[in-house]
Amino acid sequence: MKMQRLDQFIAHASGLTRVLAKSAIRHKKVSVNGEIIKNAALKVSGQDKITLEGTLLNAPSTHYFALNKPTGYVCSHEDDGHLSVFRLIDLPNPYQLHIAGRLDQDTTGLVILTEDGAWSHKLAHSKRQCHKQYQVDLLNPIDAAQILSLETGVQLHGEAQLTEPAIVVVINPNQILLTIYEGKYHQVKRMLASVGNKVVELKRLSIGSILLGDLPLGEYRALSADELARCNE
């Protein structure tokens, strides 16, 4: 049975923010198995009987969403004057989710959102699972020398080591599919700049075995049991 902090459980089950959940615990409004608890870090599970102001809370389900991010949205809880991707999620408190695989504001495509931090960390850091494929529209036609450089590893500005070898599939001279195995800052744009080209449009098509498919722009869907099983292999 998955264990989590009491304040996290309260927030997920009630829709409160973590700050308000901690406040409720501190003010003796929360009990665990009949005992008033003031320790927000106490580890609990769905088998525990947890009440908030006398109301029994049901164990919250964990969400795993695939979102097709539009341009103009930021992958951040803080809007800072911009639209947050969390505004696209129809949950009582979508800000309880966090993102596995952020995208720039002007990049579209697949983003994964979940409350399961351990799962998203595994997805992002597993060499086998974290490959990402992008559809890349280029300012200039790509040539054989640029393709060879991308497929053998390039030197990014400010980086000591070459990038991992990428896979390049040419759709037309100004559009490629690029698969990378790392998650460096602005990596795709920097890789194309390093070989003398420029990205004019970027769309992420997949993260590991999870595919964007025909998911409409700005829409999201739950990951299937099969997708989750493949990610957990």
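Every number in this text was worked out from the coordinates using simple rules, so none of it is lab data. Since the model is a prediction, treat every value here as computed from it, not as a measurement. Neighbour counts run over all protein chains shown; Cβ positions are idealised from the backbone, glycine included.
The shape of the chain can be summarised by an equivalent ellipsoid whose semi-axes, obtained from the alpha carbon gyration tensor, come to 42, 17, 15 Å from longest to shortest. Ranking LEU52, SER14, ALA41 by Cα position along the charge dipole of the range 4-56, where only Lys, Arg, Asp and Glu carry charges on their C-beta atoms, puts ALA41 farthest toward the positive end.
Rounding to the nearest 20 debye, state how big the charge dipole of the chain is about its Cα centre with +1 on each Lys and Arg Cβ and -1 on each Asp and Glu Cβ.
On the way: 25 positive and 24 negative charges, 174 e Å.
Computed about the Cα centre, the dipole is about 840 debye.
Which residues make up the longest stretch of the chain that has no chymotrypsin sites (Phe, Trp or Tyr not before Pro) in a DSSP loop with at most 14 other Cβ atoms within 10 Å? Write down the numbers at each step before the final one.
Details: sites that count: TYR181, TYR185.
Between the exposed loop sites, the longest stretch runs 1-180.
Taking amide H as placed 1.01 Å from N in the peptide plane, the amide H of LEU83 sits under 5 Å from that of VAL74, each at least 5 places away or on another chain.
Remark: relative contact order (the chain) = 19 percent; criterion is Cα-Cα distance under 8 angstrom and separation of 6 or more residues.
For a quick check of your reading of the filter: which trypsin sites (Lys or Arg not before Pro) in the range 71-177 sit in a DSSP loop and have no more than 12 other Cβ atoms within 10 Å? Working shown, then result.
Numbers: sites: ARG87, ARG102, LYS122, LYS127, ARG128, LYS132; in loops: ARG102, LYS127, ARG128.
In loop regions of the range 71-177 (DSSP not H, G, I, E or B), the sparsely surrounded trypsin sites (Lys or Arg not before Pro) are LYS127, ARG128.
When the chain is treated as a GNM with alpha-carbon contacts under 10 Å, the residue of GLN135, GLN96, GLN146 showing the greatest mean-square fluctuation is GLN146.
In this structure, the amide hydrogen of LEU205, modeled 1.01 Å from its nitrogen in the peptide plane, lies closer than 5 angstrom to those of LEU110, GLN133, TYR134, GLN135, counting only residues at least 5 positions away or on a different chain.
Overall, the range 4-56 carries a charge dipole of about 200 debye about its Cα centre when +1 sits on the Cβ of Lys and Arg and -1 on the Cβ of Asp and Glu, all other atoms neutral. Springs between Cα atoms under 10 Å define the GNM used for the chain, and in it the highest mean-square fluctuation of LEU211, LEU91, LEU223 occurs at LEU91.
Along the range 157-174 the Karplus relation, 6.51 cos²θ - 1.76 cosθ + 1.60 evaluated at θ = phi - 60°, assigns HN-Hα couplings of 4, x, 10, 7, 9, 5, 5, 5, x, 9, 10, 10, 10, 8, 7, 8, x, 10 Hz to successive residues, with x for each Gly and Pro.
Relative to the Cα centre, what is the charge dipole magnitude of the range 132-207, using +1 at the beta carbon of each Lys and Arg, -1 at the beta carbon of each Asp and Glu, and rounding to the nearest 20 debye? Numbers along the way, then the final one.
Numbers: 7 positive and 7 negative charges, 49 e Å.
Once rounded to the nearest 20, the dipole reads 240 debye.
When the listed pairs LYS22/LYS122; LYS43/LYS122; LYS69/LYS198; LYS122/LYS189; LYS69/LYS203 are checked against a 19 Å cut-off, the alpha-carbon distance exceeds it for LYS22/LYS122; LYS43/LYS122; LYS69/LYS198; LYS122/LYS189. Counted residue by residue at 0.36 nm each, then reduced by the alpha carbon distance between them, the extension gain from GLU182 to VAL170 reaches 2.3 nm.
Using θ = phi - 60° in the Karplus curve 6.51 cos²θ - 1.76 cosθ + 1.60, the 3J(HN,Hα) couplings for the range 87-99 round to 5, 7, 9, 8, 10, x, 9, x, 6, 6, 6, 9, 9 Hz; x is entered for Gly and Pro.
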